[in-house]
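None of the figures in this text is laboratory data; all of them are computed from the coordinates on show. Here the structure is a predicted model, which means the values were calculated and not measured. Every residue, glycine among them, receives a Cβ derived from its backbone with ideal geometry; neighbour counts consider all protein chains shown.
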Amino acid sequence: MRSVISSLVFFFGLGISAVNSQSQPDAKITSESYKDWTYNCLMSSAEEQCEIVTKILSSDGGTFAQLSFQVSKDGLDPLFQIAVPTLIDLKKPVDLKVDNSPLVELGYSFCNPQACFVAERASIELINALKGGNELVMQLRSVVNGDITAKVSLLGFTDAFARLEGQAQ
């Protein structure tokens with residue numbers, strides 16, 4: 001399962017930049033921890049890409065899924081991304097709840113050989129619910145293992161998101 005998330009380097013914003021940073025000698029990578037969330041930012045003379053991210057661990061300690069947010073300077077709503085392993089039932093949307101209060105259902109955007117992705121613009125309602133909550137509950141269905149419930153700590157989300165918003169201004 002660890003290789004699944006390692007392979008996601010290609011898609012996630014900072015991952016793309018990290019690959020490009022090898023050809024950008026002036027690149028500087030910043031990483032800051034905010035409890036259970038991490039702020040990552042790559043800055044160079046050519047670009048600046050920042051994200052906050054948290055990982056959902058599997059029972060064996062590997063990474064099961066990854067959630068991330070990116071904020072752009074163009075004023076659009078933040079980009080919310082979820083990466084999960086393949087063999088997910090794509091007909092059943094990902095159901096998100098905050099502290100067991102229903103929040104939103106999101107469909108999958110695409111899959112590649114390593115993972116399937118939800119990529120959506122995050123509404124202010126979603127952001128505020130995450131800021132006010134303690135735990136995000138994500139429900140999805142595996143074609144092999146059936147229904148899966150994954151719990152994500154929101155400790156540190158508010159501070160990490162504030163840091164991300166500050167960088168985008």
What ranking do K151, K92 get, fewest neighbouring Cβ atoms within 10 angstrom at the top? K151, K92
Calculate I(q)/I(0) for the chain by the Debye formula, one identical point scatterer on each C-alpha and no solvent, and give its log10 at q = 0.10, 0.14, 0.18 Å⁻¹ to two decimals. -0.36, -0.73, -1.21
Near-label residues of the range 124-162 by backbone N, under 19 Å of a point 7 Å along Cα→Cβ of E105: 126, 137-143, 146-150
Would you order E51, E135, E120 from fewest to most other beta-carbon atoms within 10 Å of each residue's own beta-carbon? E135, E120, E51
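Report the per residue volume, in Å³, of the convex hull enclosing the C-alpha atoms of the range 27-76.
Given the Cα convex hull of the range 27-76, per-residue volume reads 97 Å³.
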Give, rounded to the nearest 20 debye, the magnitude of the charge dipole that the range 2-168 has about its Cα centre when Lys and Arg contribute +1 at Cβ and Asp and Glu contribute -1 at Cβ. 300 debye
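Where does each of 42-48, 65-71 land if you order them by average Cβ count within 10 Å, highest first?
Result, highest mean first: 65-71, 42-48.
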Proximal lysines relative to K151, as straight alpha-carbon distance under 23 Å, when same-chain residues fewer than 8 apart are discounted: K35, K55, K91, K92, K97, K131
